[in-house]
Amino acid sequence: GAGVSQTPSNKVTEKGKYVELRCDPISGHTALYWYRQSLGQGPEFLIYFQGTGAADDSGLPNDRFFAVRPEGSVSTLKIQRTERGDSAVYLCASSLTATSGSEEQFFGPGTRLTVL
Amino acid sequence: AQRVTQPEKLLSVFKGAPVELKCNYSYSGSPELFWYVQYSRQRLQLLLRHISRESIKGFTADLNKGETSFHLKKPFAQEEDSAMYYCALSGGSLMEGGSEKLVFGKGMKLTVNP
């Protein structure tokens with residue numbers, strides 16, 4: 001079956017612009033996660049959804065970052081007034097549930113965001 | 001605070017040599033520990049988790065709560081083991097006040113030479 005997909009695979013934008021990154025989780029997975037990975041670092045948690053609601057958004061760095069998952073499937077990560085420091089690979093992952101603490105998370109290929 | 005430390009960034013060995021990738025963590029409760037792997041030009045994927053207590057591709061990892069470690073070991077490395085390895089933890093069951101989010105270490109690049 002299809003894995004987690006993310007679009008676009010690459011995004012180049014200018015400082016100050018708005019961007020949207022999309023994630024399609026594995027069908028039937030109720031939990032969806034966003035991470036950000038900067039060069040030479042491990043993935044850093046941003047936010048996760050259980051169904052349509054954000055269960056934990058403690059990783060969002062500031063109010064320029066926002067994510068939605070209106071129908072409990074596809075999610076969009078939105079970044080306003082992009083800054084050069086936002087440049088990173090944005091990873092999405094999904095898991096069957098988000099209750100046990102030990103669920104395997106399945107990762108997408110990532111979106112490489114470059115802010116010029 | 002939750003933290004995962006992978007003290008070495010690079011490890012290069014010859015095929016057939018033993019490998020140990022170190023991981024230490026700090027967490028006040030009872031975390032779940034994982035090793036994720038990323039092969040060249042592939043996406044991040046789960047290698048193993050401590051709760052399963054299984055060996056995957058010859059790798060094992062034992063959770064040592066006294067030393068707060070979860071080192072990954074393989075007795076005889078193969079060339080196809082060359083990859084980036086990330087240790088991660090989650091905060092355990094939501095029912096117990098935990099969180100599903102993963103906290104990752106910075107990763108270690110393993111190179112197995114022929």
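Worth a mention:
- Shape annotation for the protein assembly as shown: C-alpha extents along the principal axes are 50, 41, 36 Å, from largest to smallest.
- Candidates per GluC sites (Glu not before Pro) in segment B:1-74, loop by DSSP, up to 15 other Cβ within 10 Å: B:E8, B:E54, B:E67
- Value of relative contact order over chain B, rounded to a whole percent, pairs C-alpha under 8 Å and six or more apart: 36 percent
- Binning the alpha carbon pair distances of segment B:3-49 at 5 angstrom intervals from zero yields the distribution 5, 14, 20, 26, 21, 9, 4, 1, expressed in whole percent.
- Distant-in-sequence amide H partners of A:L60 (H built 1.01 Å from N, under 5 Å): none
- Gyration tensor verdict on chain A (Cα atoms; rounded if a/c is under 1.5, prolate if a/b is larger than b/c, oblate otherwise): prolate
- Loop-resident sites, segment B:11-85, for trypsin sites (Lys or Arg not before Pro), counting at most 12 other Cβ within 10 Å (DSSP): B:R41, B:R53, B:K57, B:K65
- Taking 0.692 mPa s as the viscosity and 37 °C as the temperature, the Stokes-Einstein diffusion coefficient of chain B based on its alpha-carbon Kirkwood radius rounds to 230 µm²/s.
- Each of A:N10 and B:S12 was given a label point 7 Å from its Cα along the Cα-to-Cβ line. The distance between the two points is 2.9 nm.
Values in this text are rule-based calculations from the coordinates and carry no lab data. The model shown is predicted, which means the values in this text are computed figures rather than measured ones. Every residue, glycine as well, gets a Cβ built from its backbone with ideal geometry; the counts of neighbours run over all protein chains shown.
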